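Heads up: the structure comes next, in structure tokens.
The values are calculated or read from the model by the stated rules, or taken from the named source; none is laboratory data. Given the structure is predicted, the values throughout are model-derived calculations rather than measurements. Cβ: placed from backbone, ideal geometry, glycine included. Neighbour counts: every protein chain shown. Quick note on the areas: whole protein, heavy atoms, side chains included, nothing else; ligands and nucleic acids left out. Shrake-Rupley method; radii C 1.70, N 1.55, O 1.52, S 1.80 Å.
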Amino acid sequence: MKLEILKEIIKKKENKSEFAIVTKLSTGESEIFIDKKPLSKNFNKYTDQIENFYKSKKNGVIDNTDVFIETYIRPIKVIIVGAVHIAQYLVDYAKSLNFEISIIDPRGYFASEQRFPNMNIINKWPNEAFKEIETNTNTALIALTHDPKIDDPALQHALKKKFYYIGALGSKKTHENRCQRLRESGFSEDEIKSIHGPIGIKLGGKSAPEIALSIISQLVSETYKK
Amino acid sequence: MKNSFDEKILEEANDWIKTNQKVVLATVIQTWGSSPRQVGSRMIVNEKGDFSGSVSGGCVESAVVRECIGIIKDNKPFKKIEFKVSNESAWEVGLACGGEIAVYLEQIN
């Protein structure tokens, strides 16, 4: 692989683009495939097969050819509401798993650069913050403040936009009260049931890193169910 | 569906190159049967045999490292190698899981 192609791949990953790398195994030549853009003469006769692999987001050698394709898809966006202690550990796990994290917290003393270096922190109330983040059914929400003033608007946004994962921290009692408030706001039982609350899988631990691990485990598991 | 989990091996390759190391990229391109790592899994190897990432669960990495050092020495741009189910010989390199994998080695230059 040529160094300039490697650098281009890294740049595209940083920009969260979707693309594929195609390699001719018999010659070692490789290039970057971008949807709807023509390929060079080395690869253009395989365009249909390459597009098929790309659309099904697969890696592999195209049947009866010597062309290997590896597809890159956009990282999953995870929004954490509450720049709390658990969030500091979540950020570390999420980085290794290539999730793209944004943290929302209107409380400036929580959402500080010192506590979360090099992170996308939005120091606003959720309704304002969501104007800055594009969200869809491929987005996840982790609500950690267990303060209805902060969590509830975020949960409502996530339910309306049908996020594939919505989790909310809090005891069973806190969660019951939360569900009741959402009912009163007009959300259906099915919508309310889609919220993972209390959040996380049962690990048994109670420390901040253990709770973060239980949350990230549930998130990964739900990501594979999509 | 493929997920976006990514091990940042290419980023690490670029960091190695910045410090003037010769780097071979090894990629799992095909698997048959039960194999420990999926297609697209990667490792990088430098001329000294330092490596990062993986193409199996530790079963064939040492052989991949040797092959990579070899292609740097011989200045070959690429090579495809295959590993099959290991035989009875205890120290033979192979996949204990009974699968087969094809790994593509390519120098970054």
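I'd like the FRET efficiency for A:Glu189 and A:Lys124, computed as 1/(1 + (r/R0)^6) with the beta carbon distance as r and R0 of 35 Å, rounded to 0.05. After rounding, the FRET efficiency stands at 0.70. For the range A:116-183, applying the loop criterion from DSSP together with a ceiling of 10 other beta carbons within 10 Å to the trypsin sites (Lys or Arg not before Pro) yields A:Lys131.
With charges only on Cβ, +1 for K and R and -1 for D and E, what is the dipole size of the range A:3-72 about its Cα centre, in debye, rounded to 20?
The calculated dipole for the range A:3-72 is roughly 220 debye.
How tilted is helix A:85-96 with respect to the longest principal axis of chain A? Cα atoms for both, answer in degrees (0 to 90, nearest 10). Relative to chain A, helix A:85-96 is tipped by roughly 10 degrees. Backbone phi angles across the range A:9-20, fed through the Karplus curve with coefficients 6.51, -1.76 and 1.60 (θ = phi - 60°), yield HN-Hα couplings of 4, 4, 4, 5, 5, 4, 7, 6, 8, 9, 6, 9 Hz in residue order; Gly and Pro are listed as x.
Compactness check for chain A: Cα Rg over 2.2 N^0.38 Å is 1.22. Bridges between two residues of the protein assembly as shown, per DSSP, are antiparallel at a rate of about 65%. You can think of it this way: the chain between A:Asp66 and A:Asp147 has 23.5 nm of extra reach, that is 0.36 nm per residue less the Cα-Cα gap. For chain A, the longest principal axis of the alpha carbon atoms and the long axis of helix A:148-160 meet at an angle near 40°. Here's the picture: a label point sits 7 Å out from the Cα of A:Ala208 along the beta-carbon direction, and within the range A:107-130 the residues with their amide nitrogen under 20 Å of it are A:107-124. Between helix B:9-18 and chain B, what is the angle of the helix's C-alpha long axis to the longest principal axis, kept within 0 to 90° and rounded to the nearest 10? Compared with the principal axis, the helix lies near 30 degrees.
Grab the DSSP H runs of chain A that are 4 residues or longer, score each as -39,500 (n - 2.57), total them, divide by all residues and round the 222 nm result to the nearest 500 deg cm²/dmol.
Here the helix-only value at 222 nm equals -11500 deg cm²/dmol.
In order along the range B:77-82, the Karplus-derived 3J(HN,Hα) couplings, from 6.51 cos²θ - 1.76 cosθ + 1.60 at θ = phi - 60°, round to x, 7, 6, 10, 10, 10 Hz, and Gly and Pro are given as x.
Take each residue of peptide A:66-79, count the partner chain Cβ atoms within 10 Å of its Cβ, and average: the result is 3.
Rounded to the nearest whole Hz, the Karplus-based 3J(HN,Hα) values (6.51 cos²θ - 1.76 cosθ + 1.60, θ = phi - 60°) of the range B:69-76 follow the sequence 4, x, 6, 5, 4, 7, 6, 8, with x at glycine and proline. Its DSSP H runs of at least 4 residues, each contributing -39,500 (n - 2.57), put the calculated 222 nm mean residue ellipticity of chain B at -6500 deg cm²/dmol, to the nearest 500.
Spin-label model, A:Lys160/A:Gln88: points 7 Å from Cα along the beta carbon direction are separated by 3.4 nm.
One chain, two ends: A:Ser26 and A:Thr47. Fully extended at 0.36 nm per residue, the span grows by 5.8 nm beyond their Cα-Cα distance. Here's how it looks for A:Lys124: its modeled amide H is under 5 Å from those of A:Asp105, which are all 5 or more places away or on a different chain. When the Gaussian network model of chain A links Cα atoms closer than 10 Å, the mean-square fluctuations of A:Ile50, A:Ile122, A:Ile216 top out at A:Ile50.
Pick from A:Leu90, A:Leu39, A:Leu144 the residue whose mean-square fluctuation is largest in a GNM of chain A, springs joining Cα atoms under 10 Å. Checking each option, the largest mean-square fluctuation is seen for A:Leu39. Ranking A:Gln88, A:Asn136, A:Val78 by Cα position along the charge dipole of the range A:74-168, where only Lys, Arg, Asp and Glu carry charges on their C-beta atoms, puts A:Asn136 farthest toward the positive end. Semi-axes of the equivalent ellipsoid for the range B:9-108, computed as √(5λ) from the eigenvalues of its C-alpha gyration tensor and ordered from largest down, come to 24, 14, 11 Å.
Between amide H atoms placed 1.01 Å from N, distances below 5 Å from A:Phe19 occur with A:Tyr72, all of them 5 or more places distant or on a separate chain. Of A:Trp125, B:Trp16, B:Trp32, the residue with the largest accessible area leads and the full order is A:Trp125, B:Trp32, B:Trp16 (1.4 Å probe). Would you please classify the overall shape of the range A:65-192 from the alpha carbon gyration tensor, given that a ≥ b ≥ c denote the square roots of the eigenvalues, rounded means a/c under 1.5, and beyond that prolate means a/b larger than b/c while oblate covers the rest? In terms of gyration-tensor shape, oblate. The relative contact order of chain A comes to 14 percent, based on Cα pairs under 8 Å that sit 6 or more residues apart. For the range A:41-100, the list of trypsin sites (Lys or Arg not before Pro) that fall in a loop by DSSP and count at most 11 other C-beta atoms within 10 angstrom reads A:Lys41. Among the GluC sites (Glu not before Pro) found in the range B:13-76, those both in a DSSP coil and sparsely packed, with 13 or fewer other Cβ atoms within 10 Å of their Cβ, are B:Glu47.
Treating only the Cβ of Lys, Arg, Asp and Glu as charged (+1, +1, -1, -1), what charge dipole size does the range B:9-108 show about its Cα centre? Round to the nearest 20 debye.
200
Computed over chain B, relative contact order equals 30 percent, with contacts defined as Cα pairs under 8 Å that lie 6+ residues apart.
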